[in-house]
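The values are calculated or read from the model by the stated rules, or taken from the named source; none is laboratory data. Just so you know, these numbers come straight off a predicted model, no measurement behind them. With ideal geometry, Cβ positions are generated from the backbone for all residues, glycine too; neighbour counts draw on all protein chains shown. Note: accessible area is taken over every heavy atom of the protein model, side chains too, but ligands, DNA and RNA are not part of it. Shrake-Rupley method; radii C 1.70, N 1.55, O 1.52, S 1.80 Å.
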Amino acid sequence: MKDLPIDTKNSIITGIEQTLVQIPSGQLRMRDDRIDTHWIAEIPTFLIGKFPVTQQQYHAVTAERPSTFFGDQKPVETISWIEAVLFCNAISALADLQLCYQIDIEKEQYSFDMAANGYRLPTEAEWEFACRAGTTGIRYGNLAAIGWYKGNSGNGTQEVGQKQPNDWGLYDMLGNVWEWCADIYDETVYGSYRIMRGGGWYDEPRGCLVTNRRRSHPVAYRIDDLGFRLARNR
């Protein structure tokens, strides 16, 4: 993290805090079709970003511009899971909050303190619960109206917040970029692989569903339709 003047730090944190949305507590029935299993997740109330993290926000903290499709208000992409959680830690440090992640990249050891009050990635259950916003269908609205996908994206990401939000005021939950989640996918089979949700600009409609799950390596995997969104405990 680069050294920032105090006014810049305050501006970054204020900007992020102003776009956090409080999600109510509840339950969510989740499924993994790969192993044909279902489970009930209990969701405490939490905060999540109204938009994916933008390139402007990422650059303000890291001085880096990793994205393939340049634009300050476009989602940052071509980001690994580890880069996303390092950003979460950096934002937490700026805000004098507890760090949610302890990281040893060489050993591929990453611990996640769910009780810490700092910024983090949403869990998979939190992500889906927030995406659904009380709805029960395969999407929270008509895809063309709510998201950027292969049929309307113009072969790249678009600025956040242009499509219709869900009923809880969250934008771009489906389409534009996939979003990293906190969880390990299946440690016994895939080791440290992490979950991503939401679909992206290159996906056909069947790729942009509230239940779709993908996974990949937390350090090595970067692609131009994958970003992240911030979350925090309430």
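The table that follows gives values for the structure above.
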item: Alpha-carbon centroids, the range 4-38 and the range 51-106: separation in whole Å; result: 13 Å
item: Relative packing of peptides 130-137, 222-229 - highest average C-beta neighbours within 10 Å first; result: 222-229, 130-137
item: The range 7-75, dipole about Cα centre (Lys/Arg Cβ +1, Asp/Glu Cβ -1), debye to the nearest 20; result: 100 debye
item: Links that overshoot a 22 Å alpha carbon limit, given the list Lys50/Lys74; Lys74/Lys107; Lys50/Lys163; result: Lys74/Lys107
item: Debye, to nearest 20: dipole size of the range 80-216, +1 on Lys, Arg Cβ, -1 on Asp, Glu Cβ; result: 520 debye
item: Computed [θ] at 222 nm, deg cm²/dmol, the chain (DSSP H ≥ 4; -39,500 (n - 2.57); rounded to nearest 500); result: -6000 deg cm²/dmol
item: Heavy-atom accessible surface of the chain: percent carbon and sulfur, 1.4 Å; result: 46 percent
item: Order by protection proxy (mean Cβ within 10 Å, highest first), peptides 4-11, 19-26; result: 19-26, 4-11
item: Where chymotrypsin sites (Phe, Trp or Tyr not before Pro) fall in DSSP loop in the range 1-76, at most 16 other Cβ within 10 Å; result: Phe70
item: Label-zone membership for the range 208-234, site Phe112, 7 angstrom Cα→C-beta point, backbone N under 16 Å; result: 213-219, 227-234
item: Cα-centre dipole for the chain with unit charges at Cβ (Lys and Arg positive, Asp and Glu negative), debye to 20; result: 480 debye
item: Leading residue at positive end of dipole, the range 34-188 (Cβ point charges), from Trp168, Ile103, Thr123; result: Trp168
